[in-house]
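Notes follow once the structure below has been shown.
Each reported figure results from applying straightforward, stated rules to the coordinates on display, with no laboratory input. From a predicted model like this one, the values you see are computed outputs, not experimental measurements. Methodologically, a virtual Cβ is constructed for each residue, glycine included, from the backbone with ideal geometry; neighbour enumeration extends over all protein chains shown.
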Amino acid sequence: MKRSRQPAADDLFGGGTGQSPRQSARPERPAYSVSELTSELRQLTERAIGQVWVKGEVLGLKVYERGHWYFTLKDEQAQVRCVIWQTYAQRVRTPPVEGTEVYLLGTPTVWAAKGELRLSAVTLLPTSGVGLQQLAFERTREVLEKDGLLDPTRKRDLPEFPRTVAVVTSPDGAVVHDIVTVARRRWPAVRILLVPARVQGDEAVDELVEALGLVNRLPEVDLCIVARGGGARDDLLAFNAEPVCRAVAAVRVPTVSAVGHETDVTLTDLVADVRAATPSAAAAVALPDRALVARHVASLASRLGGGLRRRTRVLAERLARSSIRAERAIQGRVSERRGQLERLAASLHALSPLEVLGRGYSVARHPDGRVVRRRDELPAGAPFTLRVSDGTIPARAE
């Protein structure tokens, strides 16, 4: 009777002859350690799910000395352990009360030390009132950021000297008066075009989108200001709406957003090329200061005049030096030629017939001026002249 073979260690890990086809298809490796298993589970969980919003009730929150928050998030059927590290807890500021229902933004992971699922959260919002608005704000912000509308590299520089500025705001508020007042003081030459739209209420989003689209059809606009005066948080909801933000991003000219109070930050502010704290500040950012420009122009004129004077002085000095060098060159050339002329004159004077006559010689000439060369050229009685050093002497041959 044959004895059945006990499974060897290699069989347990897929290395023996008792491998199933599925086991033999996998690469051979030893068993996972617990830390290896939890590490791989953590990586798989984080890659597969990523950052998500989770709704639940806070249970058993503990705040540790280092500032980290540990608690459980649960609903009627399940629960999950959560942590908010100090950096993010400081942004949330106030720990939620036990039993508070919240929205939590976090990344699921595996806590290796205890081998359990845990949510690593970055923010926490109540599910009612302001919390809902903030949740909508964060969700819209995520969408805009994903589409690149919040990327700093897409921000455009404002024109240095805009000629026409379109202002999208309500015609009934003080915003237009504030912007016009600042514009008249800083840069009176600018033209302000009001593009009216409601800035709060149910129809505000549609009217703001329509007004921003109209700005793109105005041919001479150099800059667009989207503005609204201060108000409650609910009054600014239109400027956190995704259609309005996309309309601001689609404006063909640079944009300045000035919505609410200085401490209010809307998504329109983040999408626009420049954010201003108030409508008056928007006008100051958009327009140059004529007093500063005048001083700058005067400074440039002074620098230009000084530069021209220095340049003229340098050129005059160069011209004077060139004139002196030219004069000296000419004098040297004249002196050289004068010396040559004097040497030639001396040579000619030495060879002059008059010089010979001055030494006591004379020259006999026929009446027609021909020089008498032989005696037989003067028969007896023939007239001729003798040329001596100081004149001529009439003579006759005998």
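Sorted by average packing, counted as other Cβ atoms within 10 angstrom per residue and highest first, what order do 79-89, 378-388 take?
Working: 79-89: 17.4, 378-388: 13.4.
Order by mean packing, descending: 79-89, 378-388.
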So what's the back-of-envelope 222 nm ellipticity for the chain, counting only DSSP H runs of four-plus at -39500 (n - 2.57) apiece and dividing by all residues, rounded to 500?
-> -13000 deg cm²/dmol
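Within 10 Å, count the other beta carbons around each residue, average over each peptide in 249-260, 309-320, 234-245, and list them highest first.
249-260, 234-245, 309-320
Averaged over every viewing direction, what's the projected area of the C-alpha convex hull for the range 263-398? Give it in nm², one decimal, please.
Working: hull surface 87.6 nm².
Reported value for the Cα convex hull: 21.9 nm².
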Out of Leu223, His177, Ala211, whose Cα points farthest toward the positive end of the dipole of the range 155-288 (charges: +1 Lys, Arg; -1 Asp, Glu; placed on Cβ)?
-> Leu223
For the charge dipole of the range 50-146, defined by +1 on Lys and Arg C-beta atoms and -1 on Asp and Glu C-beta atoms about the Cα centroid, which residue among Tyr64, Pro126, Thr140 has the Cα displaced farthest towards the positive pole?
-> Tyr64
Cα centroids of the range 290-310 and the range 375-398: how far apart, whole angstrom?
-> 94 Å
Quick one: putting +1 on the C-beta of Lys and Arg, -1 on the C-beta of Asp and Glu, what dipole do you get for the chain around its Cα centre, in Debye to the nearest 20?
-> 3220 debye
Taking one equal scatterer on every alpha-carbon of the range 155-288, how large is log10 of I(q)/I(0) by Debye at q = 0.13, 0.15, 0.18 1/Å?
-> -0.44, -0.59, -0.89
Mean Kyte-Doolittle of at least 0.0 and a Cα length of 15 Å or more along the axis: which whole DSSP H helices of the chain meet both?
-> 175-186, 204-215
Could you size up the charge dipole of the range 225-315 around its Cα centre, putting +1 on the beta carbon of Lys and Arg and -1 on that of Asp and Glu, and report it in debye to the nearest 20?
-> 1200 debye
Answer with a single label: of (i) 38, 22, 20; (ii) 109, 44, 19; (iii) 35, 26, 18, which was calculated as semi-axes √(5λ) of the Cα gyration tensor in Å from the structure in view?
-> (ii)
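How would you rank 193-199, 115-121, highest first, on the average number of other Cβ atoms within 10 Å across their residues? Walk me through the numbers on the way to the answer.
Numbers: 193-199: 19.1, 115-121: 16.7.
Result, highest mean Cβ count within 10 Å first: 193-199, 115-121.
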For the range 151-233, run through the GluC sites (Glu not before Pro) and keep only the ones in DSSP coil with at most 16 other Cβ atoms within 10 Å of their Cβ.
-> Glu160, Glu203, Glu220
